[in-house]
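The values are calculated or read from the model by the stated rules, or taken from the named source; none is laboratory data. Here the structure is a predicted model, which means the values were calculated and not measured. Cβ: placed from backbone, ideal geometry, glycine included. Neighbour counts: every protein chain shown.
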Amino acid sequence: MTNPFVQSNFPRVPGDYYPTIDPRCVWGFLEHFKPRGMVVDPCAPQGSGIVDTLTECGYAAMGYPDAWSKFAAEWVVCNPPYLRGLVDKIIQRQIERVQHGVLSGVAMLLRSGFAFAPIHKPLFESPYYYGEIKLRFRPWWSDDHSKQPIHNFVWHIWTRTRKDYSKPHLMFADGIDPRQK
């Protein structure tokens with residue numbers, strides 16, 4: 001029997017550290033949300049393309065090396081590591097911060113199929129789950145553009161300001177640079 005999942009031809013990176021180098025991902029988030037205060041990427045021990053792009057677009061943003069420690073922010077915007085089990089704990093910790101009023105919102109960049117796994121069900125049954133932003137492009141994860149990207153990604157969003165908890169919002173984004181509008 002063959003493996004039903006698409007396997008990458010690239011070697012795994014230690015700690016699953018894949019920085020978001022494609023700015024269109026952040027631009028897609030900004031098509032729908034405009035954070036007013038500090039934005040933190042709590043999974044950025046070596047820096048963050050998310051933080052770089054937000055800063056270039058005029059937002060206050062900083063990377064942080066620890067998703068569990070205390071930090072002051074309005075939003076968490078993050079491409080979490082995909083280590084099984086760890087990603088759920090990171091997301092759950094940030095949802096708790098929304099629940100306790102520490103954060104206004106959380107945006108997690110994840111593969112489009114992430115929400116389908118039964119183990120992730122509690123994350124999406126949270127009353128703070130706002131919805132998803134489907135990216136209408138496949139992000140590049142390396143500077144080597146010799147092979148087309150094969151995975152679709154979405155931003156999953158949790159906020160304190162959700163109005164109708166029974167119907168998550170479905171949004172689409174083209175990843176257009178907001179400074180060009």
Residue within the stretch 65-83 that is assigned to a loop (DSSP other than H, G, I, E, B), in contact with a Leu (Cβ under 7 Å, 6 or more places away or on another chain) and either at pLDDT below 90 or of a type in the set (Gly, Ala, Ser) (or both) present: yes
The stretch 37-54 residues that are under 18 Å from residue 97 (Cβ atoms) and in contact (Cβ under 8 Å) with a residue 40 or more places away in the chain, paired with ones that are among the acidic types (Asp, Glu) and part of a loop (DSSP other than H, G, I, E, B) (beta carbon under 8 Å, 6 or more apart): 37/74; 42/66
Options 157, 133, 119: the member that is aliphatic (A, V, I, L, M) and either more than 16 Å from residue 30 (Cα to Cα) or out of contact with any strand residue (DSSP E or B) (no Cβ under 6 Å at 6 or more places or on another chain) (or both): 119
Top-ranked residue in the stretch 121-160 [being out of contact with any helix residue (DSSP H, G or I) (no Cβ under 6 Å at 6 or more places or on another chain) and either of a type in the set (S, T, N, Q) or part of a helix (DSSP H, G or I) (or both); ranked as farthest from residue 79 (Cα to Cα)]: 146
Scan of the stretch 132-147 for residues that are free of Cβ contacts under 8 Å to residues at least 40 places away in the same chain and buried (at least 18 other Cβ atoms within 10 Å of the Cβ), ordered by number: 132
